[in-house]
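I have placed the structure first, in the form of structure tokens, so that the comments after it can refer back to it.
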Amino acid sequence: MLDSIITPDLFAAAIRIATPLALAAIGGTICERSGVVNIALEGIMLTGAFFGTAVVLATGEPWLGVIAAVVAGISISAVHAFASINLRSDQTVSGTAINLLALGVTGFLMKLWYGHPGTTDQIKTLGSVFNFEAPGGGVLAEVWRWVNAILFTHSPIVYLAIIIAIVAQWAVFKTRWGLRLRALGEHPRAVDTVGVNVARGRWIAVLMSGALAGLAGANLTIEQVGSFTENMTNGRGFIALAANIFGRWTPIGSYLASLLFGFADALQIKLQILRGVINVPPQFFQMLPYILTVVVVAGVIGRAVAPAASGVPYRKD
Amino acid sequence: MSEPREGTVVQRRWMTILQKAGTPVISALLAIAVGSIIIWASGYDPLAAFAALFKGSFGSPKAVGDTLLKSTPLILTGLAVAYGFRAGLFNIGAEGQLFMGGLAATAVGLALGATSWWISVPLMLLAAMLAGAAWAFIPALLKARIGAHEVITTMMFTYIGRYFVSYLVNGPMKEPGNIPQTPALDPSAQLPRIATLFSEGAREALPILNLGRAHMGIFVALIAAVVIWLILKYTTLGFENRAVGFNRWASETAGISVQWTTVKALCISGVLAGLAGATEVMGVHHRLFDQFSSGFGFTGIAVALLAKNHPLGVIPAALLFGALSAGATTMQFEAKVPQDIIQIIQALVIFFVAAEEIVLWFVRRRQKEAISHAG
């Protein structure tokens, strides 16, 4: 029985499922490091997923869809930036508004453009980047078969996400930009005093999180599912927020935390196949990622400290 | 914003009310204006759309009944979110508590079977209140004890609750047959329609009494609003709730237990959301199934914000959103505008209420005019 659960494609699925979570979580990290809470990740991801699909449907070009998803993510996150930075709205509330707005806009355009609710037509997707052979027999070939199946069967954005996690980690902790970003979230007045534009710094961070969450949406539709369904993000934005907390507001931490969620989800999908053997209704497996999120958020909070000024609007005068 | 100095006491009192009501009213108007622009830009006629919307929400006694029908759960979820906000807590997961409330009411109703309504109805409402509170309790405890963000935890509990209900209506509670739903509740376990209170003769003489599908749940909701208003205004419980929401550190210093107040606030919020689930099951569907709530918990957020978290303000705010959602079907049918526009307008209302500074600009201008007229 274990043989049919612990297979290379279980780990491959974990990496695949982790990718949209990780991208959004890294976006959340950058955003919160600058002092803006981004509860809108869910809605931004959904917006990216929809516009990505729409552009692929119109042009037949998956890469144009990816670009469209990123642009859509940036655009809708600009609303969040304007509300929370310039208008000093309550950031949680403004984020909630964007989540509902994304649901409404994608549902509205779905009916306007395609004439029906539910799911769009299938689109051309981005396939795996590598296509290595796994020939021969013996132990070495078996090891290679595993490594190949786990690491070299993925679509481009999956690799892009890993690169982004590493680059973002470096940028946040080793560059001048990163130092300023972190200072914005800890003590914006100090940053302001030395002549850095707080609003500008936060705007850039929010737009970056929008780009990443949009890219996460593109991964969902253009690489994984191959179509758009209303409300298809299904809480991933909130799980990404939890991954960001579990990863202690660091990009690589966010990625690893997302891997944990990805693994849990991959495992529950596997276990569902064994329903005849272990008699548990599928809904209980489907609950697992959400239960895990609560456990993780509850378990880690006491020891992880959020950026001090996160969620606090900055008033210059 | 400074208090207006000129005018009599009565005038000043009115100015205060204008100040309080001004922002929400203008937020709603701005949202509808932007919604109209979206309708127009999509190639439809905004006037025709809103005419159809109005027809579907107030155009006939039956339409008014539909508005009341949709407003009932929204008053309760709006109160739920507002009560949390007053303690500085964002119960984004009212939807999950609503699901558990609907589940508990159904379970008790089915267990009781055919009996007298004065036994089953109170017991079902009570069960729903307890279930709602229970579903909010773990997030509340996690928030109070270790500061786990209630937005993430209550949201996750919403998904968990939905899957749990889905499991029950597909499994143990499923009625024989292919449809994943529970058996219907006995008539004694249902909230009757308002129209059935009146004799046929009375309804013929006064057609407005033919309120279609509107049910007695609206009175449950209205009573809840008054009770929450009284609690917040006159009791220690309510005072502590407001104090913690206003300044938790000062409250702690003053001897209020912030942790305990947090737990109570989220649980009372859960009680109200649970009631909303009960009224939906008992008044509308008369059984439980997967999709028995069309996001009332989330719309409750918009209701609470529009009401500025005032328990009595929740009533008109819920009526507005109830009317929008009651008229949406007519609008989609007659003006062909996809009814998702309603959700867009809701989101815009939240946005404009949150972005007070845009709206305050309008209010201040109106006030200056009003003061110069009063003087």
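At a glance:
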read-out: Packing-based order for A:4-12, B:325-333, using average beta carbon neighbours within 10 Å, highest first; value: B:325-333, A:4-12
read-out: Apportionment of accessible area to carbon and sulfur, the range A:2-300, percent (1.4 Å); value: 67 percent
read-out: Per residue, the convex hull volume that the Cα atoms of the protein assembly as shown enclose (Å³); value: 190 Å³
read-out: FRET efficiency, 1/(1 + (r/R0)^6) with R0 30 Å, evaluated for A:N234 and A:Y159 via beta carbons; value: 0.75
read-out: Accessible area per residue in Å² at 1.4 Å probe, computed on the range A:2-300; value: 39 Å²
read-out: Hydrodynamic radius of chain A per Kirkwood, over alpha carbon pairs, in Å; value: 20.2 Å
read-out: Charge-dipole axis of chain B as Lys and Arg at +1 and Asp and Glu at -1 on Cβ define it, positive-most pick from B:S294, B:A347, B:L191; value: B:A347
read-out: Normalised per residue, the volume of the convex hull around the Cα set of the range B:290-351 (Å³); value: 85 Å³
read-out: For the range B:125-153, residues shielded by at least 50 square angstrom of accessible area compared with the chain on its own, probe 1.4 Å; value: B:I146, B:I152
read-out: Relative contact order (percent, whole number), the range A:8-161, Cα cutoff 8 Å, 6+ residue spacing; value: 29 percent
read-out: Accessible area, probe 1.4 Å, largest first, for residues B:W135, A:W144; value: A:W144, B:W135
read-out: Protein accessible surface hidden between A and B, which excludes ligands and nucleic acids, total in Å², probe 1.4 Å; value: 3600 Å²
read-out: Accessible area of B:R248 in the full protein assembly, 1.4 Å probe (Å², nearest 10); value: 100 Å²
read-out: Exposure of A:E223 as accessible area (Å², to 10), given a probe of 1.4 Å and all protein chains; value: 20 Å²
read-out: Å² of accessible area per residue within the range B:108-162, as computed with a 1.4 Å probe and no ligands counted; value: 42 Å²
read-out: Order of exposure, largest accessible area first, which applies to A:K316, B:K264 with probe 1.4 Å; value: A:K316, B:K264
read-out: Drop in accessible area of at least 30 Å² in the complex versus isolated chain, residues of the range A:89-107, 1.4 Å probe; value: A:S89, A:T92, A:V93, A:T96, A:A97, A:L100, A:L101, A:G104
read-out: Anisotropy class of the range B:172-281 from Cα gyration tensor, a/c 1.5 cut; value: oblate
read-out: Solvent-accessible surface ranking, highest first, for B:K308, B:K62, A:K270 at 1.4 angstrom; value: B:K62, B:K308, A:K270
read-out: Percent accessible area from carbon and sulfur atoms, the range B:62-305, protein chains only, probe 1.4 Å; value: 66 percent
read-out: Most mobile listed residue (B:V165, B:V349, B:V34) in chain B, GNM with C-alpha springs under 10 Å; value: B:V34
read-out: Environment charge at B:L89 (Cβ cut-off 9 Å; Lys +1, Arg +1, Asp -1, Glu -1); value: +1
read-out: Cα principal axis extents for chain B, largest first, Å; value: 70, 56, 42
read-out: Å² per residue, accessible surface of the range B:218-366 at 1.4 Å; value: 39 Å²
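The values are calculated or read from the model by the stated rules, or taken from the named source; none is laboratory data. Just so it is clear, the model here is predicted, and its values are computed rather than measured. With ideal geometry, Cβ positions are generated from the backbone for all residues, glycine too; neighbour counts draw on all protein chains shown. In case anyone asks, the SASA skips ligands and DNA or RNA and just uses the protein heavy atoms, side chains included. Shrake-Rupley method; radii C 1.70, N 1.55, O 1.52, S 1.80 Å.
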